[in-house]
Every structure is written in C-alpha cells, then in structure tokens.
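Enquirer: Before anything else, here's the structure in question.
Any read-out appearing in this document is the output of simple, stated calculations on the displayed coordinates, not a laboratory observation. Worth saying up front: this structure is predicted, and the values here are computed from it rather than measured. Note that each Cβ is placed from the backbone with ideal geometry, even for glycine, and that neighbours are counted across all protein chains shown.
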Amino acid sequence: MNDNNTIQGGNDLDFHSKDNMYSYTGRDADTAWKEKIRELIDIPSIHHAADIGCGGGIYSKALAAIGIPFIIAIDSSKPILDGAKNCCSRYPGISFQLGLADKTSLESESVDLILSRALIHHLKRLDSVFLEAYRVLNSNGYYLVQDRTLDDCLLEGSKEHIRGYFFEAFPRLKEFEKKRRYSIDDIKTSLQQAGFKEMEAHSLWEIRKTYPNKQALLDEIQSRAGRSILHELSDDELQYLSDYIDYSIGSDTKNIVEKDRWTLIKAVK
C-alpha cells in the first residue's frame, strides 16, 4: 500500500518493523473462504493472480490451494513480505514483490484475478488503488475486495465474535473504526468510477482461528498478533481487555472458534 495513502492511528502497528514480521502469519484461511471463492470465480479460467496487500501470505496460500497456478504476492512492507516468503515456502507457484497497492509495477492486463483482503481500511482514498487494479487486470478479469464494514465490526461480542468485545470494553475504538471503515456504497461507487462493472456484495462469516482453550485466546490477545486495532491500546488497557474477555466468556473455555463477519465485493473489468 502507498504510505502516503495510509490511515494511521496514534499507536498503530508499524508494518515496517522487523518485530512485526510474523504478525500476520501462523494460521490458514478458513475452508468456508475457499468455498466462497470457488462459488464466485471460475477457477479454471484463472492462470495468474495477484494478492495485493498480501500481509503474511495466508491468502496467497489459499489461492494456490484452490487451484490457481501462479500468484504474485505484493506488500509494501519488506519485513512482512519476508515473513510471507517463509510462510509460503512450500508453494512454488507463489512469487513475491515489494510494491505499493497503487503502484504495483505489474504489467498492464497481466493478471486474471486480484485479491485485496483487509487492505482498504488502511487507505485514506480508494481511487488510485482501484485504478491500478483496473490497469493490471485482463479484460473480464475479477477483482475481489474483502474488508469489514463498520456494521461488520460492531456486532455484539460473543464467544465466537471476539472482536465485538473490543468495542464494549473500549467504546472509543468505535470512533477509530468509523474513521477507517468504508461502506459498501463507498466501495461500489469507487469501483464504478475506476471502470469496473458487474459488482456484487456478499456477507461472509469466516473462522479466524480455533483455540484449544480460553487461555490460548487470551495469550494471543496479549500479543496483539494479527490485530492492528489493539495497537491503539496501552499495555494496561490491553490487560483490561484480556480480563474483560475472560469474564465475558465465562467458564466455557474449550474449543473456542473465533469468527469474523466480512464483506466481500466482486467486480469484473
């Protein structure tokens, strides 16, 4: 992503720090996600895909797993890209490139599918990124934009929807989310302005991670791993959140299956 086009919070995760190389690795994409992509996309017609804003490479691996032979994973952070390379070392069809979401350096009309997952909430503007995606895609190529809307984020907290507890414990985080979350209409309008057609929005519940017990979940909350919003909290506040989640979940502590609701928009060039 373009650093000049990035929303930053007061204590936001430093994506360019080596300390955060593995912040977005360590899990696999949910089977439901793979099934949804197969439902939306004619996979046999996809030969080259780009995972723009690839993070730790989790979804680059998922694209390979559903049968896409060649994937180029692009991210603006060298440390995180290095982490993705290690994460994807068993997938020879995945290559890696340091680049910006609005300046990928890919050739025009060179890929059949672009995935931008959990990217756009980091962007101040969508237009340059969507124009770049349009340029890079082949005619009739697919663009998948997956992110959470504000409505997705602010669902009630539960044993499954852990994120909801963040906003119950710290209502000020709602304002943080309001500043960085785009609505479905915002996304569709920007896609249309970039030239895309046949846009459709889908709601998807995705398993984020399964924990063997509550303590494993609380340990991950304390680490802030894969949750950039938790960098908005001080260490003391993070401890309070951990205690709040501990109390809210109660004594039912085994096999915690954490899920997030996402909005997935498919557009065609």
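Enquirer: Give just the number: which of (1) in a helix (DSSP H, G or I); (2) in contact (Cβ under 8 Å) with a residue 12 or more places away in the chain does Glu220 not satisfy?
Expert: (2)
Enquirer: If you don't mind, another one. Name the pairs whose Cβ atoms lie under 9 Å apart, with the first residue in segment 51-66 and over 19 Å from Thr31 (Cβ atoms), the second among the acidic types (Asp, Glu) and assigned to a helix (DSSP H, G or I), and 6 or more positions between them or separate chains?
Expert: Ile52/Glu132
Enquirer: Okay, moving on. Do we have Tyr143 as touching a Lys or Arg at 6+ places or on another chain (Cβ under 8 Å) and among the hydroxyl-bearing types (Ser, Thr, Tyr) here?
Expert: In short, yes.
Enquirer: Within segment 36-57, work out how many residues are surrounded by 22 or more Cβ atoms within 10 Å (Cβ to Cβ) and assigned to a helix (DSSP H, G or I).
Expert: Total meeting the criteria: 1.
Enquirer: Now for a different question. Please state which of the following conditions Tyr91 fails to meet, knowing it meets all the rest: (1) among the hydroxyl-bearing types (Ser, Thr, Tyr); (2) outside any loop (DSSP other than H, G, I, E, B); (3) under 16 Å from Ala50 (Cα atoms).
Expert: (2)
Enquirer: Looking only at residues in segment 210-269 that are over 30 Å from Glu132 (Cα atoms), of a type in the set (Val, Ile, Thr) and surrounded by fewer than 18 Cβ atoms within 10 Å (Cβ to Cβ), which one is farthest from the chain's Cα centre (by Cα)?
Expert: Within segment 210-269, the match that is farthest from the chain's Cα centre (by Cα) is Thr253.
Enquirer: Restricting attention to segment 144-182, which residues are in contact (Cβ under 8 Å) with a residue 24 or more places away in the chain, in a loop (DSSP other than H, G, I, E, B) and of a type in the set (S, T, N, Q)?
Expert: Of everything in segment 144-182, just one residue is in contact (Cβ under 8 Å) with a residue 24 or more places away in the chain, in a loop (DSSP other than H, G, I, E, B) and of a type in the set (S, T, N, Q), namely Thr149.
Enquirer: Taking segment 208-266 as the region of interest, how many residues are closer than 30 Å to Ile187 by Cα and among the small types (Gly, Ala, Ser)?
Expert: So the answer is 3.
Enquirer: Oh, and also: Kindly indicate whether Glu109 is part of a loop (DSSP other than H, G, I, E, B), out of contact with any Ser or Thr (no Cβ under 8 Å at 6 or more places or on another chain) and surrounded by fewer than 16 Cβ atoms within 10 Å (Cβ to Cβ).
Expert: no
Enquirer: When only residues in segment 58-78 that are hydroxyl-bearing (Ser, Thr, Tyr) and in contact with a Leu (Cβ under 7 Å, 6 or more places away or on another chain) count, which is surrounded by the most Cβ atoms within 10 Å (Cβ to Cβ)?
Expert: Among them, the one singled out is Tyr59.
Enquirer: Shifting gears a bit: Give the residues of segment 183-196 that are without any contact (Cβ under 8 Å) to a residue 24 or more places away in the chain and under 20 Å from Ala101 (Cα atoms), sorted by residue number.
Expert: Passing the criteria: Thr189, Gln192.
Enquirer: A further question follows. Out of segment 183-198, which residues are in a loop (DSSP other than H, G, I, E, B), out of contact with any strand residue (DSSP E or B) (no Cβ under 6 Å at 6 or more places or on another chain) and farther than 16 Å from His121 by Cβ?
Expert: Once the filter is applied, which keeps residues that are in a loop (DSSP other than H, G, I, E, B), out of contact with any strand residue (DSSP E or B) (no Cβ under 6 Å at 6 or more places or on another chain) and farther than 16 Å from His121 by Cβ, segment 183-198 yields only Gly195.
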